[in-house]
Amino acid sequence: MNSSKSSVLAGNGIFSNTTCRTEKKISVFFSVIFMTVGILSNTLAIAILMKAYQRFRQKSKASFLLFASGLVITDLLGHLITGTIAVFVYISDKDWIRFNQSNVLCSIFGICMVFFGLCPLFLGSVMAVERCIGVTKPIFHSTKMTSKHVKMILTIVCLFAIFIALLPIFRLKAYQIQASRTWCFYKTEHVEDWEDRFYLLLFSCLGLLALGISFLCNAVTGITLLRVKFKSQHRQGRSHHFEMIIQLLAIMCVSCICWSPFLVTMASIGINENHSRESCETILFALRMATWNQILDPWVYILLRKAVLKKLFKIARRCCGVHLINFHMWELSSIKNSLRIAAISDSPVTSKQMNQQPLSSTGQ
């Protein structure tokens, strides 16, 4: 019995020739701090987004708020679930033989790592596509992109991410305990089986594809808005689009910086098989970089609001001592102000009508 258990655990990656030296006290401290900051940040962002959605749920920006809320809720659950498991592993001295003999905890950990890794990337790309449609096809967006459709899309994205996470379980391929013995994922050491390589490449390709779609759609949206801005003298009708595209660009930049090292590392392991030169320390560093994505995402919605931006703008003017830009010409509108005019600003005809109304109607 003992020899059979040892062989099973060795197959799950506990007895690895490669080890990472991690200080227990420091690792536990940083894990607790990151989890706490992530939970508080995402909770604050959820409160801001849900309050805005409840007040302006009939406006055209409601779909964007729903997607953003889904993204932040996913990040919150990711911190809460994976962070709790990671802290438990550290506190238990990484003794997987004692608490993971049936490999249940490792499987749950691996499923959560894949799901909470891919789902935010998918949601970021879906948000970019939604905003691109809202800017380039406003009539289609206003008639087809209802809250019901948004919730359906959110459900499909989550189910697809769950399917990818459960795919190894369906194929009876257990998730592996990694060399650092602090987390579980696909097999990353001595990868020889084509199926192990397939999972690594699938995860990497889907993540990179999501980042590529976000970049392409945000580029199209930004170019379209700039063309409208320079061709039309009336800019206030599109101010809420600028606010959302700034938030999307920030999310895209954060995702690219945080996730690219991990995605490229996994792709390198999958391509190079057992000849990969990626060390355990490199993989662990890339993983920690990816963890920061869930911490930084909510601050996009917390900081990129009119009240905060105006204060930062005033501080910048005082520091530089020059008039950098006329703030009201571009109008980085807040959620409150932008949503008041969003319902009648989606089409060119209503946009012209809006521009003929007094400026006091915009809530300024």
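The values are calculated or read from the model by the stated rules, or taken from the named source; none is laboratory data. Only a predicted model underlies this, so the values are computations on that prediction, with no experimental measurement involved. Ideal geometry is used to build each Cβ from the backbone, glycine not excepted, and the neighbour counts take in all protein chains shown. Heads up: the accessible areas ignore ligands, DNA and RNA and are worked out on the full protein's heavy atoms, side chains in. Shrake-Rupley method; radii C 1.70, N 1.55, O 1.52, S 1.80 Å.
Residues in the stretch 55-86 that are modelled with pLDDT under 80 and of a type outside the set (Phe, Trp, Tyr): ARG55, ARG57, GLN58, LYS59, SER60, LYS61, ALA62.
Would you check if LEU296 is out of contact with any Pro (no Cβ under 8 Å at 6 or more places or on another chain), open to solvent by 50 Å² or more (accessible area, probe 1.4 Å) and at pLDDT 65 or above?
Working: out of contact with any Pro (no Cβ under 8 Å at 6 or more places or on another chain): yes; open to solvent by 50 Å² or more (accessible area, probe 1.4 Å): yes; at pLDDT 65 or above: yes.
Here the answer is yes, as LEU296 does meet what is asked.
Do you know which residues across the stretch 134-169 are of a type in the set (Ser, Thr, Tyr) and modelled with pLDDT of 90 or more? Within the stretch 134-169, THR155 is the sole residue that qualifies. Among the candidates THR22, THR43, the residue that is β-branched (Val, Ile, Thr) and either over 21 Å from ARG98 (Cβ atoms) or at pLDDT 80 or above (or both) is uniquely THR43.
Residues of the stretch 209-232 that are at pLDDT 90 or above, out of contact with any Cys (no Cβ under 9 Å at 6 or more places or on another chain) and surrounded by fewer than 17 Cβ atoms within 10 Å (Cβ to Cβ): LEU209, GLY212. Counting the residues of the stretch 150-175 that are in contact with a Pro (Cβ under 8 Å, 6 or more places away or on another chain) and surrounded by 20 or more Cβ atoms within 10 Å (Cβ to Cβ) gives 1.
Look through LEU123, LEU105, LEU206, LEU172 and report the one residue that is under 16 Å from the mean Cα position of the chain (by Cα) and at pLDDT below 95. Steps first, please.
Numbers: LEU105 fails: under 16 Å from the mean Cα position of the chain (by Cα); LEU206 fails: at pLDDT below 95; LEU172 fails: under 16 Å from the mean Cα position of the chain (by Cα).
Answer to the check: LEU123.
Kindly indicate whether any position in the stretch 186-199 is at pLDDT 90 or above and touching a Cys at 6+ places or on another chain (Cβ under 9 Å). Within the stretch 186-199, none of the residues are at pLDDT 90 or above and touching a Cys at 6+ places or on another chain (Cβ under 9 Å).
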